[in-house]
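K.L.:
Before I ask anything, here is the structure I am working with.
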Amino acid sequence: MGLLIPLMICFLLCSSIIGIACVQPAAGLQCNEFPPGSHYGIVTSSCGDADNVARELLADGSNVGVLGGMRQENDTVTGRFTMFRLNEENMSIDGFGVWNGGGIYQLFDGITFNDAISLTSSIDGAVFNATFDSTNVHIHNHPGVVMEIDTERSVNIKFTMAGGINSSIMSAEEIGDPSIEGARIGNDAVSATVMVTGGSLEQAGNRSLIVNLARGGEIVVRASSDNTPTQDMLLDAIISDVLAEYWVLARDDGAIFDIAAYRDVDLESSSLSLKMGEWEIPLPVQAPGNVIGVHTDRMSVTIAGGVENMLSLGEAASEVGSLDEVLQAADGNGQSPVYYVEQTNQRTDIYLFVPATLGGEESTGGGSGAGGGQAIDLGSMFLPAVIGAVVLIAIVSAVLLIRRKK
């Protein structure tokens with residue numbers, strides 16, 4: 001019994017230490033949630049407050065480039081940045097309008113899914129989803145309004161432009177990718193592009209585009225979110241040069257964002273990120289060698305400590321004078337990260353090129369200009385060390401007890 005009391009005291013002390021270690025918050029992000037089936041995410045210091053923070057940020061920043069949730073009443077779908085009607089009888093999406101410079105402009109009278117006989121739809125926060133037979137439609141509700149269409153079988157889809165909206169087929173030289181066909185549409189007030197992969201695109205008269213989409217094919221419709229030369233250039237560069245666009249708003253209590261990705265992206269394994277105050281938003285692992293757009297507002301940039309502090313690349317990025325220079329760096333396989341900033345009222349658009357040399361495990365992350373090597377995470381080592389100590393004490397105590405009995 002001589003060793004029993006010391007052993008019990010040791011066990012209770014070690015158990016208490018283990019309990020404390022288990023409930024300590026993890027270093028870095030405590031909340032980085034993506035609801036199932038959506039690119040929408042929120043980062044906060046407390047997961048329990050995520051919903052409240054999301055509502056506050058959306059209400060505060062809905063006019064400076066932050067997405068918002070959609071709602072559906074009967075056949076009408078309405079969001080802050082897009083609206084349209086579902087026509088089940090005609091198997092079409094009618095009256096498709098998009099936000100530009102503070103107003104809604106109609107792009108299409110109708111998008112008709114020929115030969116479709118069934119329609120199902122749902123809304124997941126800021127993303128509208130519909131299925132016309134085996135053709136899937138996803139519409140993101142943010143100022144850039146991305147519509148993605150993919151199909152599991154060959155289909156025919158007709159885009160009918162609204163009155164005053166013109167269209168022109170883009171040449172192969174303009175697109176820069178022989179596997180893609182595209183068209184520009186719009187007028188003096190609003191503009192957009194239609195890009196087709198795995199199918200054909202034809203102009204039928206002045207107001208119609210016909211797409212014959214093969215199985216596994218895809219259509220991407222992207223509208224400009226403002227009337228600036230940079231936005232027009234961005235529309236042309238999306239498919240060939242731009243990997244993804246982030247629409248993000250941040251305050252001192254959290255960050256809320258949407259990602260419109262133009263190719264499949266992986267957010268799990270990249271060491272590169274955007275720093276928004278004390279929170280970090282991961283960049284896709286495919287970011288090196290590509291261009292990424294970040295749309296935010298002046299206050300968020302100020303709180304983040306400036307553009308340079310936002311770009312957690314492991315190497316300081318240099319500012320250039322135009323989006324064209326960023327695209328040239330991408331085309332020329334530049335060796336240094338560069339970015340261009342455009343200010344429109346309270347809105348801030350950042351276009352970033354990440355060189356291929358920053359890809360892989362050698363990228364350190366941790367803020368612009370960060371030094372090489374990674375600091376040891378003592379917090380992550382604490383729990384294993386305590387467990388090991390408990391096991392060691394138990395073994396030694398057992399040996400002593402056996403020797404005492406002998």
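The values are calculated or read from the model by the stated rules, or taken from the named source; none is laboratory data. Since the structure is predicted, the reported quantities are computational estimates derived from the model, not experimental observations. To get the accessible areas, we keep the full protein, side chains included, count just its heavy atoms, and leave off ligands, DNA and RNA. Shrake-Rupley method; radii C 1.70, N 1.55, O 1.52, S 1.80 Å.
K.L.:
Probe 1.4 Å, all protein chains in place: accessible area of SER269 in Å², nearest 10?
P.N.:
Here the accessible area works out near 70 Å².
K.L.:
On the protein heavy atoms, probe 1.4 angstrom, tell me the percent of accessible surface of segment 83-122 carried by carbon and sulfur.
P.N.:
Its accessible area is 42 percent carbon and sulfur atoms.
K.L.:
Continuing with the same structure: Roughly how much of ILE117 is accessible, in Å² to the nearest 10, using a 1.4 Å probe?
P.N.:
ILE117 exposes around 140 Å² with every protein chain in place.
K.L.:
Just read off the accessible area of VAL285 with the full protein assembly in place, 1.4 Å probe, to the nearest 10 Å².
P.N.:
60
K.L.:
Ignoring any ligand, DNA or RNA, what whole percent of the accessible area of segment 187-333 comes from carbon and sulfur when the probe is 1.4 angstrom?
P.N.:
In segment 187-333, the share of accessible area belonging to carbon and sulfur is 44 percent.
K.L.:
Let me ask something else. Taking the Cα centroid of segment 77-119 and of segment 254-296, what is the distance between the two, rounded to the nearest whole Å?
P.N.:
Computed from Cα coordinates, the inter-centre distance equals 29 Å.
K.L.:
Using Stokes-Einstein with the Kirkwood hydrodynamic radius over Cα pairs, what translational diffusion coefficient do you get for segment 223-274 at 25 °C and a viscosity of 0.890 mPa s, in µm²/s rounded to a whole number?
P.N.:
So the translational diffusion coefficient is about 188 µm²/s.
K.L.:
Here is a follow-up. Calculate, for segment 190-317, the solvent-accessible area per residue in square angstrom, rolling a 1.4 angstrom probe over the heavy atoms of the protein chains.
P.N.:
33
K.L.:
If you don't mind, another one. For segment 184-251, compute Rh as the Kirkwood radius over C-alpha pairs and then the Stokes-Einstein diffusion coefficient at 37 °C and 0.692 mPa s; write the answer in µm²/s, rounded to an integer.
P.N.:
Answer from the Stokes-Einstein relation: 239 µm²/s.
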